[in-house]
1. Can you find a residue that is within 15 Å of the ligand (Cβ to nearest atom), open to solvent by less than 50 Å² (accessible area, probe 1.4 Å), of a type in the set (A, V, I, L, M) and at pLDDT 95 or above anywhere in segment 110-124?
2. Considering only residues that are open to solvent by 50 Å² or more (accessible area, probe 1.4 Å) and part of a loop (DSSP other than H, G, I, E, B), which ones fall in segment 340-369?
3. If I filter segment 131-142 down to residues being in a helix (DSSP H, G or I) and surrounded by 18 or more Cβ atoms within 10 Å (Cβ to Cβ), which single residue comes out as nearest to the ligand (Cβ to nearest atom)?
4. Can you list the strands (runs of 3 or more DSSP E) found entirely within segment 191-259 that contain at least 1 residues being of a type in the set (A, V, I, L, M) and either away from the ligand (no atom under 16 Å from the Cβ) or surrounded by 20 or more Cβ atoms within 10 Å (Cβ to Cβ) (or both)?
5. Can you find a residue in segment 314-324 that is more than 20 Å from GLY255 (Cβ to Cβ), in contact with a Gly (Cβ under 9 Å, 6 or more places away or on another chain) and more than 13 Å from the ligand (Cβ to nearest atom)?
6. ARG85: under 20 Å from VAL304 (Cβ atoms) and either assigned to a strand (DSSP E or B) or without any contact (Cβ under 8 Å) to a residue 24 or more places away in the chain (or both), yes or no?
7. Tally up the residues in segment 288-339 that are under 30 Å from VAL48 (Cβ atoms), open to solvent by less than 40 Å² (accessible area, probe 1.4 Å) and touching a Leu at 6+ places or on another chain (Cβ under 7 Å), please.
8. For segment 201-243, name all the residues that are charged (D, E, K, R) and touching a residue at least 60 places away in the same chain (Cβ under 8 Å).
Amino acid sequence: MKTVIVGAGQAGAWVARTLRQHAPEAAIVLVGQEPHPPYERPPLSKGVMSGAQPEPPCLLSIQQADELGIRLELGTRAVAIDRARRQVLLERGLPLAYDTLVLATGGAARQPNIPGANLAGVHTLRSLDDAVRLRGALQAGRRLLVVGGGWIGLEVAATARRLGLQVCLIEGGSRLCARSVPADISNFLLDMHRRHGVDVQLKGAVTAIEPAADDGALRVRTHRGVELADVVVFGIGLEPNTELAVACGLQVENGIVVDARGQTSDPAIYAVGDVANQPCGWPGAQARLRLESWANAQGQGIAVGAALAGQPPVPRDLPWFWSDQYDVNLQVLGLPSEAGLRVVRGSMRDAKFCVFQIVEGALHSVVAVNMAKELKLAKRWHKQGRCPSIAELQNPDTRLERL
Ligand code: FAD
């Protein structure tokens, strides 16, 4: 059996590793358009951008791939899929024949569609090369304008403040991270960034960027006039890399549509990670969801790798992600909303709290700020299908670890 995996990122690397673990004889080819072996992206907006961590952790080094008998084709873009012949065509090199194909192509940072978006000094952040370019640009005393108040924008702002830049952040909506957390958490994030000296503008807009002077400074036209900046970073979302899937006629709708096993509308082709639109049985979720998180990419990669080797289905965990900003570690388990009852333990003012959301007696979501231990407990409760009573959660004297 020959498996070709297109996309050598978090999800693709986990498919390859898991398949090899269960199928020692399988022929596996992992194709990646970046020149780097698969690496983890979360440190890019944190330690890699600040310089505290020169390299992100590698998920499958060239040596490991060699030892595991996984053929790595790096610096090579897959440009087409011939479903009739079961071949992947590459930008360079011979076509790759497959019995099973896995699309793990992730996504690209959404590009701004405004005049001046291509000027030097204007950045987006998705890859290691983007992070290294930004690291060079973020020098103390410079003026950074971040567009977008989602997780990437907020992490870039926090890292830049730590490096001593002046930071202005413009968000188009009325609150931060509105797609993933309820209003009280958005307000907590807003207060935190303002306390750290970020000029956060909500309901704002950036309409054009022009060169300001010979020294590379930029004039940014915004809702409140003209801002001067040395560096502009757009963190305005992700476009799933679905071109290959669209061109070969797979079903695509906000990502590549897959079933619970990760299979697309062609049974010989699977999709995993940020690019996959999957069915979900999680509480409060829509029928289908495309998740953009490290844990989802890893979990789906492992599940599909195991399925390709004929292993029993791997149970899927609740969605989980984290973000690190200043001295705050924020973790989200499940898909939080305003529904049901929300119990806050700890203190928002001290940036050490947990919000448990209970819907119809079941644990629906947890947002934990600097309370990693409690989040870990909640993961365990969810796996065991139980939840402390509301009275127990509301009682500040309850020792959760004893429950
Ligand atoms: P990717 O990791 O994007 O990998 C896809 C790979 O496929 C890429 O290397 C791409 O170049 C390649 N590719 C695409 N098209 C082709 C083609 N045609 N041919 C060959 N190769 C191709 N998640 C968290 O949970 N917590 C965090 O703190 C966090 N921080 C993040 C910070 C940053 C800056 C970024 C960018 C992401 C962060 N994430 C975080 C999200 C997490 O990293 C992603 O969800 C995860 O990387 C998705 O994995 P993936 O394999 O689906 O896609």
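1. Taking every residue of segment 110-124 in turn, none turns out to be within 15 Å of the ligand (Cβ to nearest atom), open to solvent by less than 50 Å² (accessible area, probe 1.4 Å), of a type in the set (A, V, I, L, M) and at pLDDT 95 or above.
2. Scanning segment 340-369 gives GLY340, MET348, ARG349, ASP350, GLU360, GLY361.
3. Filtering segment 131-142 for residues that are in a helix (DSSP H, G or I) and surrounded by 18 or more Cβ atoms within 10 Å (Cβ to Cβ), the one nearest to the ligand (Cβ to nearest atom) comes out as ALA131.
4. Counting at least 1 such residues, we get 199-201, 206-211, 218-222, 225-229, 231-234.
5. yes
6. For ARG85, the condition - under 20 Å from VAL304 (Cβ atoms) and either assigned to a strand (DSSP E or B) or without any contact (Cβ under 8 Å) to a residue 24 or more places away in the chain (or both) - is not met.
7. Going through segment 288-339 one residue at a time, the tally reaches 8.
8. Hits for segment 201-243 are GLU210, GLU227, ASP230, GLU239.
The values are calculated or read from the model by the stated rules, or taken from the named source; none is laboratory data. Just so we're clear, the structure is a prediction, and the values are computed from it rather than from any experiment. Using ideal geometry, Cβ is built from the backbone for each residue, glycine included, and neighbour counts are taken over all protein chains shown. These area figures cover heavy atoms from the full protein model, side chains too; ligands, DNA and RNA do not enter into them. Shrake-Rupley method; radii C 1.70, N 1.55, O 1.52, S 1.80 Å.
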